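As structure tokens, the structure follows; a few thoughts come after it.
The values are calculated or read from the model by the stated rules, or taken from the named source; none is laboratory data. Values in this document were obtained by computation on a predicted structure and should not be read as measured data. Here Cβ is always computed from backbone atoms with ideal geometry, including for glycine, and neighbour counts include all displayed protein chains. Note: accessible area is taken over every heavy atom of the protein model, side chains too, but ligands, DNA and RNA are not part of it. Shrake-Rupley method; radii C 1.70, N 1.55, O 1.52, S 1.80 Å.
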Amino acid sequence: MGKTKKKIGIQKIEVDSKTSEPKIVGIEEEYDLNAAAEEAIKQTEAEKNNQSSIGKQLVMTRILGIQKYDNGVDKRQKFFKRIVSIVFILFVVGVLAFTFYKDFFSSDDKKTAVSFVGALDKLAGTWYYFLFAVAALVLAILFKGLKLSVICKSQTGKWHFKTCFETGIIGHYYNNVTPLAVGGQPFEIYHLSKHGVHGGVAASMPIIAFFFSQFAFVALGITALVFFNGNVLGVEEEFITQFPEVFNVLAVIGLFGCFFMPALVVLFSLLPRIGATMVKWFISIGGKLKIIKDPKKTEYKTLKTVVHNSVCIKRFAKDPVALFTTVLLGFAENLAQCSIAFFTLKLFGYNNPDAGVFLEWLQIMQLSFILYAGISFIPTPGNSGAADLSFYLLFSVGVPFMGLAFSAMVLWRILSFYSYIIIGFVFTTVTHKKDRLAKFLGIDDLDE
């Protein structure tokens with residue numbers, strides 16, 4: 001049996017003389033996988049002799065990052081996950097209860113109290129804004145699918161419309177059920193690979209799409225902050241006085257977090273050695289502050305990710321038409337997503353007599369981008385809890401009737417968050433059943 005080596009670690013970044021692309025070179029350590037496996041088996045057999053049939057454990061060596069599984073550790077992890085889940089649910093329920101009470105039972109002289117029937121009468125004249133809100137949701141999904149399709153056309157010569165739209169739906173679903181929206185890309189890559197987009201293209205497409213979506217969000221967020229603080233768009237005084245100053249700080253922090261990775265990718269594309277030095281410097285500080293547990297491993301993973309992303313972006317940038325189109329679609333996707341809040345406000349009676357509909361849209365859009373930026377780093381699925389509470393502020397100021405701000409917030413949350421989960425769950429369930437049927441019939445794809 002030949003020896004198999006695993007190489008980890010990183011020493012330096014070099015630039016390929018032919019392609020001018022950064023790459024990782026230099027290896028710090030080598031481990032013999034076969035020797036490690038044999039050692040793991042020996043340890044497992046030794047421990048079996050000292051364990052009861054109920055208490056047997058699968059023991060693996062820590063060499064090569066092979067984890068040591070322990071029933072006690074596993075139980076503690078499960079217990080911790082349950083505690084986190086319970087705290088998360090209580091937090092969300094608490095936020096909903098607080099906003100419900102504040103909207104329906106807290107006195108507010110500026111709000112017009114109406115009965116439930118009266119509220120329905122108020123909505124009867126604005127019902128069509130619900131259709132606009134749904135259209136904004138559809139457009140957000142459509143723009144992401146088009147963005148992936150344009151990238152696919154640039155990289156493979158084929159549009160793959162159906163596959164790209166399905167990939168967008170899958171990405172939205174897994175991003176919204178995982179903290180910090182980090183779960184979608186692996187499933188996007190898998191779906192693309194399974195449906196005709198193979199190799200490095202499948203791996204690079206979600207990266208490119210995410211990069212330009214983040215770029216658009218940061219650009220719009222910075223613009224919104226500048227415009228709002230200078231009141232360039234003439235926002236109503238009520239919004240300005242009731243908008244907590246802390247959201248400016250939170251938005252800056254959120255935008256910096258969203259800006260950091262795209263900026264690092266661009267820096268690596270232009271000045272890879274400086275980019276590598278910056279990564280090492282930040283991670284070394286994190287290690288000294290005990291924020292980062294394994295600085296060397298984190299450094300390797302971070303540099304590997306950033307180098308791969310920069311190579312993908314540089315190759316894609318060679319097609320200026322596709323690049324420009326993708327940037328525009330990134331802006332359109334973000335604008336469509338934030339427009340859901342505006343149309344929900346209009347549905348529940350928001351009206352600024354001193355501004356036309358377009359100026360109203362611009363005013364609410366800038367507030368939405370500030371709020372989205374301010375909650376972007378909250379580590380809960382879909383920023384749950386923080387999103388509900390933050391946007392309730394927007395709806396409570398904009399909706400003129402008591403009892404309707406909470407309703408507006410719930411409807412917005414359904415359209416902007418839960419709808420992606422529902423659509424994605426239905427799609428993935430149907431796809432899973434089709435795949436099982438295709439496997440049973442002995443064919444690769446039931447659609448073919």
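Evaluation of T344 against the conditions (1) within 18 Å of the chain's Cα centre (by Cα); (2) more than 30 Å from S154 (Cα to Cα) shows that the sole unmet condition is (1). Selection within region 307-335: residues that are aromatic (F, W, Y) and open to solvent by 10 Å² or more (accessible area, probe 1.4 Å). The member of this set that is modelled with the lowest pLDDT is F324. Residues considered: I151, I169. Of these, the only one that is over 30 Å from K346 (Cβ atoms), at pLDDT 80 or above and among the β-branched types (V, I, T) is I151. Annotation: of all residues in region 178-188 being surrounded by fewer than 21 Cβ atoms within 10 Å (Cβ to Cβ) and touching a helix residue (DSSP H, G or I) at 6+ places or on another chain (Cβ under 6 Å), the one that is modelled with the highest pLDDT is F187. Once region 336-379 is narrowed to residues that are part of a loop (DSSP other than H, G, I, E, B) and polar (S, T, N, Q), the residue that is most open to solvent (accessible area, probe 1.4 Å) is N351. Checked against (1) at pLDDT below 75; (2) within 23 Å of the chain's Cα centre (by Cα); (3) within 22 Å of G200 (Cα to Cα); (4) surrounded by 14 or more Cβ atoms within 10 Å (Cβ to Cβ), K304 passes all but condition (4). When each of L415, L394 is tested for being touching a Leu at 6+ places or on another chain (Cβ under 8 Å), open to solvent by less than 10 Å² (accessible area, probe 1.4 Å), among the hydrophobic types (A, V, I, L, M, F, W, C) and part of a helix (DSSP H, G or I), the lone residue that passes is L394.
Every residue, every condition in (1) of a type outside the set (S, T, N, Q); (2) open to solvent by 10 Å² or more (accessible area, probe 1.4 Å); (3) at pLDDT below 75; (4) within 24 Å of Y392 (Cα to Cα), yes or no:
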{"residue": "F212", "(1), (2), (3), (4)": "yes, yes, no, no"}
{"residue": "F217", "(1), (2), (3), (4)": "yes, yes, no, yes"}
{"residue": "G234", "(1), (2), (3), (4)": "yes, yes, no, yes"}
{"residue": "T241", "(1), (2), (3), (4)": "no, yes, no, yes"}
{"residue": "V266", "(1), (2), (3), (4)": "yes, yes, yes, no"}
{"residue": "G275", "(1), (2), (3), (4)": "yes, no, yes, no"}
{"residue": "I291", "(1), (2), (3), (4)": "yes, yes, yes, no"}
